[in-house]
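The values are calculated or read from the model by the stated rules, or taken from the named source; none is laboratory data. Source: prediction; values computed, not measured. Here Cβ is always computed from backbone atoms with ideal geometry, including for glycine, and neighbour counts include all displayed protein chains.
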Amino acid sequence: MKISALQFAPRFLDKNYNLRKIKQLLDKLKTDLIVLPELCNSGYVFATPEEVFSVAEEAGKGETYFTLSEIANRNNCNIVYGYPELDGNKLFNSCMLIMPDGKFYNYRKTHLFNREKLFFSPGDTGFQVFSILDNIKIGMMICFDWQFPEAARTLALAGAQIICHPANLVLPWCQQAMKIRCLENRVFAVTANRIGTELNAGEKVSFTGQSQILNTKGEVLSSLSVNEEGTITVEINSEEANDKTVTERNDAFKDRRPEFYKL
Ligand code: ACM
C-alpha cells in the first residue's frame, strides 16, 4: 500500500486559502492513506476562544469535513486531518479519519501543548485502532502526544500497524523521538507537520517542518525539509508491523514484563 504525508503553511483563520491549498496538493495524488497536519484548516496561534470558535467544526460536519470527504471518495484514499472541533460549548484539538466510503472516526488530542490548554479541553476519546483497506490497522495521535511513549505504545498494543500523526511541531525533538516510538513498537509512522511562522497578539511561533514517514525499524523512508511545501509518498508492506522479533529469543511485545512496570 501507499502512505503519504502533506506539509504546508496554513494561513491563520483563513479556511478558504487552507482548503484550496490542500485540494491543490491532493489533486493528482495517488495514495491509500494521507496524513495532513494538526489544525490544518485554521492555523495555530490562537489568542482568544472566539478565534477558535470562528473556525471550529463539529465532527463529521462543516466545510473541511465535506471538502475532504469528497476528495477521499474521488481519489479512493483515506485521509487523516487535524482541525479544531466544536462539541456543544467545548473545543477539542482533534483529528479525523475519513474513509473513501464516507465513514469517519474522530480522535481528540490527549496531551495538550502549552497555550492550547487555554482554549481546548483535554481529549476524552483515548487511543483507538481502526481498519482501513484490507484490514490494515491504523491509529491516530496528535503532535505533542509524541512526548508520552504510552500513546504510541497503547496504539501498538491495540494492533496499530501505522501511526498517523498530524502535527504542528515547535520543539526540536519529535522527529528523533518518533524514530524510537517506531523502533520500540515496531510500527510505521507518518508525521505530517506544518511549516512557517505565525504571529498573533504578540505571540510568535515557528514550526519545524521535516515531515517524515518511518518504518518499523525507525528508519526514514521519506521526509520533507524545514520549509518545503508538498507531499511525500512511499510504498510499504504493513504486515512488517506484525513482526515484533528483535532476536531469535526476543520479541518486543512478548518479552514485556508488565508486572514490573508502574504506570
Ligand atoms: C504541539 O503539540 N502542537 C506542539
One residue is enough: does region 156-167 have a residue meeting the conditions at pLDDT 95 or above and touching a His at 6+ places or on another chain (Cβ under 9 Å)? no
Is it true that Gln175 is buried (at least 19 other Cβ atoms within 10 Å of the Cβ) and of a type in the set (S, T, N, Q)? yes
Restricting to region 69-104, what's the tally of residues that are more than 23 Å from Leu25 (Cβ to Cβ) and either crowded, with 19+ Cβ neighbours inside 10 Å or polar (S, T, N, Q) (or both)? 4
Does any residue of region 110-125 turn out to be crowded, with 20+ Cβ neighbours inside 10 Å, within 16 Å of the ligand (Cβ to nearest atom) and charged (D, E, K, R)? yes
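Which members of region 18-43 meet the condition of being surrounded by 15 or more Cβ atoms within 10 Å (Cβ to Cβ) and more than 16 Å from Ala56 (Cβ to Cβ)? Let's see the steps before the verdict.
The first filter runs over region 18-43 and keeps only residues surrounded by 15 or more Cβ atoms within 10 Å (Cβ to Cβ), leaving 18-19, 21-22, 25-26, 29, 31-43.
The answer is Lys21, Ile22, Leu25, Leu26, Leu29, Thr31, Asp32, Leu33, Ile34, Val35, Leu36, Pro37.
Take region 122-142 and flag every residue that is acidic (Asp, Glu) and over 18 Å from Ala241 (Cα atoms).
Initial filter on region 122-142 (acidic (Asp, Glu)): 124, 134.
Of everything in region 122-142, just one residue is acidic (Asp, Glu) and over 18 Å from Ala241 (Cα atoms), namely Asp124.
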All positions within region 133-160 that are buried (at least 23 other Cβ atoms within 10 Å of the Cβ) and more than 16 Å from the ligand (Cβ to nearest atom): Ile138, Gly139, Leu155, Ala156, Ala160
Output yes when any residue across region 231-245 is in a loop (DSSP other than H, G, I, E, B) and at pLDDT below 95, and no when none is. no
Condition met for Thr110 (assigned to a loop (DSSP other than H, G, I, E, B) and touching a Pro at 6+ places or on another chain (Cβ under 9 Å)): yes
How do the pairs read when you match residues in region 243-262 that are aliphatic (A, V, I, L, M) with residues anywhere that are assigned to a loop (DSSP other than H, G, I, E, B), using Cβ under 8 Å and keeping only pairs 6 or more apart or on different chains? Val246/Ala252; Val246/Asp255; Ala252/Arg186; Ala252/Lys244
Check off (1) within 14 Å of the chain's Cα centre (by Cα); (2) within 15 Å of the ligand (Cβ to nearest atom); (3) within 20 Å of Gly123 (Cα to Cα); (4) not polar (S, T, N, Q) for Arg194 and give me the number that stays unchecked. (3)
All positions within region 80-107 that are within 16 Å of the ligand (Cβ to nearest atom) and either outside any strand (DSSP E or B) or within 13 Å of Phe130 (Cβ to Cβ) (or both): Val80, Cys95, Tyr107
State all residues of region 110-136 that are without any contact (Cβ under 8 Å) to a residue 40 or more places away in the chain and of a type in the set (Lys, Arg); if no residue qualifies, say none. Lys117
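Taking the conditions exactly as written (at pLDDT 95 or above, hydrophobic (A, V, I, L, M, F, W, C) and farther than 26 Å from Glu235 by Cα), does Ala9 satisfy them or not?
On the way: at pLDDT 95 or above: yes; hydrophobic (A, V, I, L, M, F, W, C): yes; farther than 26 Å from Glu235 by Cα: no.
Against the criterion (at pLDDT 95 or above, hydrophobic (A, V, I, L, M, F, W, C) and farther than 26 Å from Glu235 by Cα), Ala9 does not qualify.
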Does Val170 qualify as being aliphatic (A, V, I, L, M), in contact with a Phe, Trp or Tyr (Cβ under 7 Å, 6 or more places away or on another chain) and within 16 Å of the ligand (Cβ to nearest atom)? yes
Among Leu171, Leu221, the single one that is part of a loop (DSSP other than H, G, I, E, B) and farther than 25 Å from Leu86 by Cα is Leu171
